[in-house]
Amino acid sequence: MAPDLGPAWGKAIAREEPSAIVQQAGHPWHSPRLHRTMPPKPFASAPGDHAAFRPSSPNPRGAIHICILGGGFGGLYCALALHRHLGKASRVRITLVEPRDRFNFTPLLYELLTYELAPWEIAPAYRDLLKPTTVDLRQDWAEHIDLAQQRVTLRHAEPLTYDYLVVALGSQMRPPTTPGSQTHTLPFNTLQDAEQMEQRLGELEHLPQVRVVVAGAGPSGVELACKLSDRLGSRGHVTVVDRRGEILRSYPARLQRAAACALAKRGVDVYLDAAIEAVDASGLTFSHEGKTLHCQADLMLWTVGTVPRSWLGENGLKQTAFGQCQVQPTLQLPNYSNVFVLGDMAAMPAPGRDRAPTTAQAAYQAGPTVAQNVLALIANRPLKPFIYNHLGDMLTLGQGEAVVCGFGLCITGRLGGLSRRWAYWLRLPTSAHRWRVLKHWLGLKR
C-alpha cells in the first residue's frame, strides 16, 4: 500500500455543530500556478446533493443492535465495514450517531486554500455515503453512556439501547492558555474552519501585503504556512513560531529537511525555541533568544494540537496520563467485552511504540478491525488483536507539491504531490465517492 499520513491523517477532527455547508466552486486539482491574488469564490454544491436524508427502513424486531458514536475515520469506516460484511438482509441493526452532516477527510483540508480541491470532494454528506447501506444515521450528540444499562443518552432524541457499542469520538482542540489566543486566532481542523479562513482572506483582499503568523511548527502549521504562501504569492509574508527547537519534532529527519527547504523556498520566517506570551488584535508577542518580540499580523492561526475527548460517563474507567481510555489488544474496554473504543480516545497498541499515534491513519486502520471483532463476538468466534501498521508519513508543502516518506523512499515535489493525492484518493470512504471524485479530476461528465 502507498504511504499515507499527514497532519490530519494526523489529527482527529473536533466535533462541530451541524450547519448548512457553504461550498467552494469546484476547480480541477491541476489548476494553473497561483499568481499574486486569488479572489474568494462562492462555494458550490456537490453533484448529487439532496435536500433531505431518508433513514433506512426499520430493522426487524429482536435484531442485535450495534451503536457507533462518532462519524470520523474510526466510526464511519467501522460502520461501512460492518455493512460490507453483513449486507442488507442482515438482522443486525447498525446506528451511527454523529452531529455533523458531512464527513471531513481532514488530510486534504489544506487543498481548499489553494482551490486544488472542492469542498464536496473532501467533505461528502453522510446521507450520500450511507444511502446504499442499512446504517441508520442519527444526526445528534451523544451526551452520556450508561455502561451498566447499555444505554446512550442523546441531546435531542430518545436514548438508544445497544447490544454492542463502538466509541470513536476523536479529539478536540487543546484549550488555549495564552492570553488573547482564543479571541484573535483561527483554528484549522474542520470544513467550518476552512470557510472561516476563506472569509477572513476575502476581507484582506484589498491589502497590498498580508501578514500571516502561524503558531506551531508541527505538521498542520508547516502545511498551512506553505499553502498560504502559495495562495498569497508576493503579497504574503508568513511567519511560523514554535516553542520547540525543531520543526516537525516527531517526524523523520528526511521529512524535516524537505519541509525546511519548502519553507525557505517560500521565504517563510521560522522562529524556534520561541515562547508565545500573548496575542492581541495587532499580532503575536513571543520571547526568542532572550528578547521579547512582537510580530504584527493580519491573520493569525493556532495549531497547537489536540487532546482526546473525555469519556461520556462515570469516571470509573482506567485512563492514561494523556487522557485516553485503556483498552485490551482487541480494543475492548476492560470488564465490558461488548464495548469497543478506538481512535484518539483509546491507547491503542502499536509495535515498537507505547501506543498508536493519534492520527487519522491509526483510526482508519482500527475501524475495520473493530467491525470484524464485533462480528466475531456475535458469532462466538475468537477476536483478533489490533496491530497498528505505520504506512509512512506525508505532508503537502504548497500547491501541487508534497513530501511522501515510507518503505525506505522519500518522494518530494510534484511527484510527491501526485503520490500523496493518489494515496488519499484510495482511502476516500466509499467506492461510489471515489469514482465521483475521479471523474471530476479527469473532467468527465458526472
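The values are calculated or read from the model by the stated rules, or taken from the named source; none is laboratory data. For clarity, every value in this text was computed on a predicted model and none was experimentally measured. Note: ideal-geometry Cβ built from the backbone for every residue, glycine included; neighbour counts use all protein chains shown. Heads up: the accessible areas ignore ligands, DNA and RNA and are worked out on the full protein's heavy atoms, side chains in. Shrake-Rupley method; radii C 1.70, N 1.55, O 1.52, S 1.80 Å.
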Notebook entry, point to check: Which residue out of R257, R249, R309 is of a type in the set (K, R), surrounded by fewer than 17 Cβ atoms within 10 Å (Cβ to Cβ) and at pLDDT below 95?
Noted result: R249
Next item on the list: Taking S57 as the residue in question, decide whether it is assigned to a loop (DSSP other than H, G, I, E, B), open to solvent by 30 Å² or more (accessible area, probe 1.4 Å), within 25 Å of A118 (Cβ to Cβ) and at pLDDT below 95.
Entry: no
Notebook entry, point to check: What's the number of the condition Q209 fails, among (1) under 22 Å from S282 (Cα atoms); (2) under 22 Å from the mean Cα position of the chain (by Cα)?
Noted result: (2)
Notebook entry, point to check: Going by the structure shown, is R231 basic (K, R) and under 26 Å from S171 (Cβ atoms)?
Noted result: no
Notebook entry, point to check: Only one of (1) farther than 24 Å from T285 by Cβ; (2) within 23 Å of the chain's Cα centre (by Cα) is not met by M197, so which one is it?
Noted result: (1)
Notebook entry, point to check: Are any residues in the range 325-338 within 17 Å of Y164 (Cβ to Cβ) and either under 24 Å from the mean Cα position of the chain (by Cα) or assigned to a loop (DSSP other than H, G, I, E, B) (or both), and if so, which ones?
Noted result: C325, V327, Q328, T330, L331, Q332, P334, N335
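Please pick out the residue among E289, E314 that is over 30 Å from C226 (Cβ atoms) and at pLDDT below 95.
Answer to the check: E314.
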Check: Of all the residues that make up the range 61-100, how many are among the basic types (K, R) and under 22 Å from the mean Cα position of the chain (by Cα)?
Finding: 1
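Conditions (1) touching a residue at least 24 places away in the same chain (Cβ under 8 Å); (2) surrounded by 18 or more Cβ atoms within 10 Å (Cβ to Cβ); (3) of a type in the set (K, R), marked per residue:
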residue	(1), (2), (3)
N380	no, no, no
P385	yes, no, no
Y388	yes, yes, no
M394	yes, yes, no
G408	no, no, no
T412	yes, yes, no
G417	no, yes, no
W422	yes, no, no
H440	yes, yes, no
Check: In the range 324-355, which residue that is exposed (fewer than 14 other Cβ atoms within 10 Å of the Cβ) and free of Cβ contacts under 8 Å to residues at least 24 places away in the same chain is farthest from W311 (Cα to Cα)?
Finding: G352
Notebook entry, point to check: For F322, are the conditions met, namely being aromatic (F, W, Y) and either in contact with a helix residue (DSSP H, G or I) (Cβ under 8 Å, 6 or more places away or on another chain) or assigned to a strand (DSSP E or B) (or both)?
Noted result: no
Note to self: Could you go through the range 110-119 and let me know if any residue there is free of Cβ contacts under 8 Å to residues at least 60 places away in the same chain and not hydroxyl-bearing (S, T, Y).
What the structure shows: no
Notebook entry, point to check: Failed condition for L301, given (1) closer than 20 Å to E223 by Cβ; (2) in a loop (DSSP other than H, G, I, E, B), with all others met?
Noted result: (2)
Check: Does at least one position in the range 356-363 carry a residue that is of a type outside the set (V, I, T), modelled with pLDDT of 95 or more and either open to solvent by 10 Å² or more (accessible area, probe 1.4 Å) or touching a Leu at 6+ places or on another chain (Cβ under 7 Å) (or both)?
Finding: yes
Check: Looking at D193, D273, D269, which is the one that is open to solvent by 10 Å² or more (accessible area, probe 1.4 Å), under 22 Å from A118 (Cβ atoms) and acidic (D, E)?
Finding: D193
Checklist line | Count - residues of the range 91-119 that are in contact with a strand residue (DSSP E or B) (Cβ under 8 Å, 6 or more places away or on another chain), of a type in the set (V, I, T), open to solvent by less than 10 Å² (accessible area, probe 1.4 Å) and over 18 Å from G72 (Cα atoms) | finding: 0
Notebook entry, point to check: In the range 126-238, which strands (runs of 3 or more DSSP E) lie fully inside it and hold 3 or more residues that are in contact with a strand residue (DSSP E or B) (Cβ under 7 Å, 6 or more places away or on another chain), over 27 Å from W311 (Cβ atoms) and touching a residue at least 60 places away in the same chain (Cβ under 8 Å)?
Noted result: 210-215
Next item on the list: Please state which one of L113, L137, L160 is touching a Pro at 6+ places or on another chain (Cβ under 9 Å) and modelled with pLDDT of 95 or more.
Entry: L137
Next item on the list: Take L129 and decide whether it is farther than 25 Å from Q199 by Cβ and hydrophobic (A, V, I, L, M, F, W, C).
Entry: yes
Item checked: Of the criteria (1) modelled with pLDDT under 95; (2) farther than 30 Å from D273 by Cβ; (3) touching a Pro at 6+ places or on another chain (Cβ under 8 Å), which one V152 fails -> (1)
Next item on the list: Enumerate the pairs (first residue in the range 82-95 and more than 15 Å from L377 (Cβ to Cβ); second residue anywhere and aromatic (F, W, Y) and surrounded by 11 or more Cβ atoms within 10 Å (Cβ to Cβ)) with beta-carbon separation below 9 Å, excluding pairs fewer than 6 apart on the same chain, so at least 6 apart or on different chains.
Entry: T95/Y162
